[in-house]
Amino acid sequence: METPVQEQSVYSHPWIRVKQMFIPSLSILLQENLQSSTLKNDKGFSLLEVIVALLIMAGGFLAVVNLFSGSVRSVDLSGQYLKAVSLANSKMSELEIGNYLVNDKSGKFENEENYRWELNIEPYDSNLNEKDPRIQLQKILLKVLWVDNGKPRNLELATLRLNGNTYPIT
């Protein structure tokens, strides 16, 4: 909507007159632009909307990073337990080959400085233990111990051993 330009010539200089002719035109254009921009403001995002969206995205990103770091710690811990189980099985096989006759009840594993082992052999309470046939059950308990970030960790592997003579039933 075009309005006629009002000319107010207070001065007789031509540059000032031209300047006075454009100033009302610009103010009219600005007013029309403000009126039309209130209707067309739905096309973009305000600064507040952008900041809130970025905060929500940052919160989601931090949650994902926290989950990822927790899963990395879990994988590391499960790897440590897997190594402890492997070492315990290896030591238990070594003890079985030697018929559980050992001089040391504790020690360290070769090539694994962070892991150590403790052995406990004691009688196992059972109704099968009788003095006549001289059969006694023993409980063999092997503990594997290590430290993870200042926290002591352990794994126990237990088995039963028959100590004595066995005779086939005829």
Take the Cβ-Cβ distance between LEU77 and LYS43 as r, set R0 to 41 Å, and report the resulting FRET efficiency rounded to the nearest 0.05.
0.20
Between PHE68 and GLU113, what length in nm is gained on full extension when 0.36 nm per residue of separation is reduced by their alpha carbon distance?
13.3 nm
Relative contact order of region 43-154: what whole-number percent is it, with Cα pairs under 8 angstrom and at least 6 residues apart?
17
According to the square roots a ≥ b ≥ c of the eigenvalues of the Cα gyration tensor, what is the shape class of region 72-142, taking rounded for a/c under 1.5, prolate for a/b larger than b/c otherwise, and oblate for the remainder?
prolate
Fully extended contour minus Cα-Cα distance, from LYS139 to THR159, at 0.36 nm per residue:
6.6 nm
Out-of-range pairs (alpha-carbon distance over 21 Å; input LYS105/LYS143; LYS91/LYS139; LYS105/LYS151)
LYS105/LYS151
Would you grab the residues whose amide H sits under 5 Å from the one on TYR124? Only those 5+ places off in sequence or on another chain, please, with H modelled 1.01 Å from N.
LEU137, GLN138, LYS139
If R₀ is 22 angstrom, what is the calculated FRET efficiency for the pair SER126 and SER93, using the beta carbon separation as r and rounding to 0.05?
0.35
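Taken together, the values in this text are just the output of simple stated rules run on the coordinates, not laboratory data. Since the model is a prediction, treat every value here as computed from it, not as a measurement. For neighbour counting, all protein chains shown are included, and Cβ atoms are generated from backbone atoms with ideal geometry for every residue, glycine included.
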